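The values are calculated or read from the model by the stated rules, or taken from the named source; none is laboratory data. Keep in mind that what you see is a predicted model, and the values were worked out from it rather than measured. Quick reminder, even Gly has a Cβ in these numbers, built from the backbone with ideal geometry, and neighbours come from all protein chains shown. Quick note on the areas: whole protein, heavy atoms, side chains included, nothing else; ligands and nucleic acids left out. Shrake-Rupley method; radii C 1.70, N 1.55, O 1.52, S 1.80 Å.
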Amino acid sequence: MNIVFITSGFLPVPPTKGGAVENLIFNLMKANEKQENNHLTVYSIYDKSKNKILKKTCVKYFKVPIWSKFLDLLVYCWAKFFLKKKHLITYRYFFQRLHFFKKVGYDLHKNNYDAVILENNVLMFRALELYNNFEKYKGKIFYHAHNELGKTLGYDKYLTKAKKLIGVSDYISNIYRLILEDSDTEIITIHNTVDESLFLKEVSSIELTHIRETLNINNGNITILFAGRICEEKGILELIKALGRLKEYNYNLVIVGNCFYKTNVKDHFEKLLRSECEKLKGKIVFTGYVPYKYMYKYYQLADLCVLPSTWNEPFGLTVVECISSGTPLITTPVGGIPENIGESTIMLDTEDLVSNIEKKLKYYFENKDALNELKNKARADRRIYRTLYEYYIEFINSLN
């Protein structure tokens, strides 16, 4: 089968700048190397640091023209400084993506694929709207939904042209069932997974000590980890406010992530967050963007991982990463998260979230035996839900 993936036009594949969807595509590329029958093509925005292209995948890169970069910068600055918009990433790459999808549309027109997979954004239908591609690929279009619909610019009307919609959780699939209830589009769920070759690795105590020294973390302190994009809906501000009520305890919070992966996008929320962190000087460490292949080290570094999302997480990949790393997890029962939790996962009510985080952390700060028991339970609960190759086979079979 000759399969093509249309990426967002934001971030490149391989995921040299991060991105959950980009990592997932790269995982599928790696798994595809083990079989003989399928060839993958991936449309990606150009990146000068591109690396590790695999034998059975062709990555087609499209460069961003200077005029597009200039217009996008103007739009970004206008949204940031004059309109005071919160979610600046929406405005950062608009013209870049329009140009990208035009190039993709033309390449689709010139070539022939057995399956066209749109990864997570309805604006990608722009590529199929051009050059009569909807007609050419009728019955071969698949929409891989990683999120609820955001701003669609009217392109959501084309969802009915997809043969199948693949949701990353039952939560997401059920939302699209309501949207497409009068459509013939089939809707299924395939839960994401992680690369077991990464997350089942053991980090030596020597290396963990070295990381602590690099981050200036006291070995006697309890280490709390927050991993993910630094944005309002991830609950990071609530976590910091809760820790602000626990200043007398010996802990360090390690924040792994950035506003938008490895990009220069900064928004007002991150500035607010850093201002709040000033009240906890010496207790909070920002690592910035960390390459995905090193994330397992930071999960194993932590005594507790706290991921208190305040929005309906479509899937909660960080939950699966945390459980796969054998780290105790405190999170919230929102969106698709309850579909992925382990026996050692602690769920917090989102109502009065700051107080709930405070109470739970205070309990473990004051009861080291209970914390050690929870850590042992998390290690026993450590597992990969499905291997990467098992996920690949299920995904490929869904395209029939």
Legend entry - Heavy-atom accessible surface of region 95-189: percent carbon and sulfur, 1.4 Å: 44
Inset, instruction - Using the heavy atoms of the protein chains and a 1.4 angstrom probe, tell me the accessible area per residue for the chain in square angstrom. - result: 45
Inset, instruction - Order Arg274, Arg383, most accessible first, counting only protein heavy atoms with a 1.4 angstrom probe. - result: Arg274, Arg383
Legend entry - Out-of-range pairs (alpha-carbon distance over 20 Å; input Lys30/Lys293; Lys17/Lys279; Lys247/Lys279; Lys63/Lys102; Lys85/Lys271; Lys271/Lys360): Lys17/Lys279; Lys271/Lys360
Legend entry - Fraction of alpha-carbon pairs over 25 Å apart in region 128-248 - percent: 54
Legend entry - Centroid-to-centroid separation of region 3-64 and region 368-400 [C-alpha atoms, Å]: 24
Legend entry - Residue-averaged 222 nm ellipticity for the chain, from DSSP H runs of 4+ at -39500 (n - 2.57), nearest 500: -11000 deg cm²/dmol
Inset, instruction - Kindly report, to the nearest 10 Å², the accessible surface of Trp67 as traced by a 1.4 Å probe over protein heavy atoms only. - result: 130
Legend entry - Helix 353-366 vs. the chain, principal-axis angle (Cα, 0 to 90°, nearest 10): 50
Inset, instruction - Grab the eigenvalues of the alpha-carbon gyration tensor for the chain, scale each by 5, take roots, and send me the semi-axes largest first in whole angstrom. - result: 37, 24, 20
Legend entry - Cβ-placed point charges (K, R +1; D, E -1), dipole of the chain about Cα centre in debye, nearest 20: 1680
Legend entry - Residue (of Leu399, Leu388, Met347) at the positive-pole extreme of region 259-400, dipole from beta-carbon charges: Leu388
Inset, instruction - Sum up the charges of everything whose Cβ sits under 12 Å from the Cβ of Leu208, counting Lys and Arg as +1 and Asp and Glu as -1, but leave Leu208 out. - result: -2
Inset, instruction - On a 0 to 90° scale, report how tilted helix 388-397 is relative to the longest principal axis of the chain, with both axes built from alpha carbons and the result rounded to the nearest 10. - result: 30
Legend entry - Distance from region 304-349 to region 162-178 (C-alpha centre basis), Å: 21
